[in-house]
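Worksheet: the structure to be examined is printed underneath.
The values are calculated or read from the model by the stated rules, or taken from the named source; none is laboratory data. The structure presented is a predicted model; accordingly, all values stated were derived computationally and were not measured.
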Amino acid sequence: MTKNNIIKFVAGVAFSLMLMVGSAFAQASGNIAGVVSDSTGAVVPNATVKLISKSTGLEKTTTSSNDGIYNFTLLQPGRFTVTVTSGSFAAQSLDVEVQVGRTTDANFTLGAGGVSAVVEVTAEGIQTTQSNSDAVINETGISNLPINGRRFQDFVTLTPPLRLRGHGPDLASGQKGHKRQRQCRRRGL
């Protein structure tokens, strides 16, 4: 054999070995694929999808397509954690097992995340040191009130803790011995 033929033979054997190894690796691997969508069912494009092997710590990252689809190919069999993040959505993770020659589905439905609001309440002139039950009703307010039977005692019920008992002028308060109740009784209301 000539030197040229030996080189061709060795190159052919090496190429054949590489094809067999690549074919064997493809047969001894699996895939993970899925769709990223939001809570309304709309796809989420350009979501970041991160894959971490639980046994080797291998990390891979991809982004979802315009149709919300992502995939990881030629993965060694084993358990993986897949995490998806996108904009204002809450991150979501799944544990997935890759099996030889199979594509494992790992679909994600992202919900809203990081929503916060600040409510600031300010008020002036609020009385917080003393608890009084009183009400001042002006003439216009009294004129516009519906009066059942023209009884002036009905106006007393407009003061929050007071109510009428029965049909007579006997008043009751939300608290026994309340100052307002005693004042009403002295006045004959």
(request) Taking Ala117 as meeting all but one of (1) of a type in the set (A, V, I, L, M, F, W, C); (2) modelled with pLDDT of 90 or more; (3) in a loop (DSSP other than H, G, I, E, B), write down the number of the exception. (result) (2)
(request) Collect the residues in the stretch 58-95 that are of a type in the set (Gly, Ala, Ser), within 16 Å of Ser39 (Cα to Cα) and assigned to a loop (DSSP other than H, G, I, E, B), keeping them in residue-number order. (result) Gly68, Ser86, Gly87, Ser88, Ala90, Ala91
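If you go through the stretch 97-114 one residue at a time, how many are among the aliphatic types (A, V, I, L, M), in a strand (DSSP E or B) and under 19 Å from Gly68 (Cα atoms)? Spell out how you get there, then give the answer.
The first filter runs over the stretch 97-114 and keeps only residues among the aliphatic types (A, V, I, L, M), leaving 98, 100, 106, 110, 112.
From what's left, in a strand (DSSP E or B): 98, 110, 112.
From what is left, the residues that are under 19 Å from Gly68 (Cα atoms) are 110, 112.
Count: 2.
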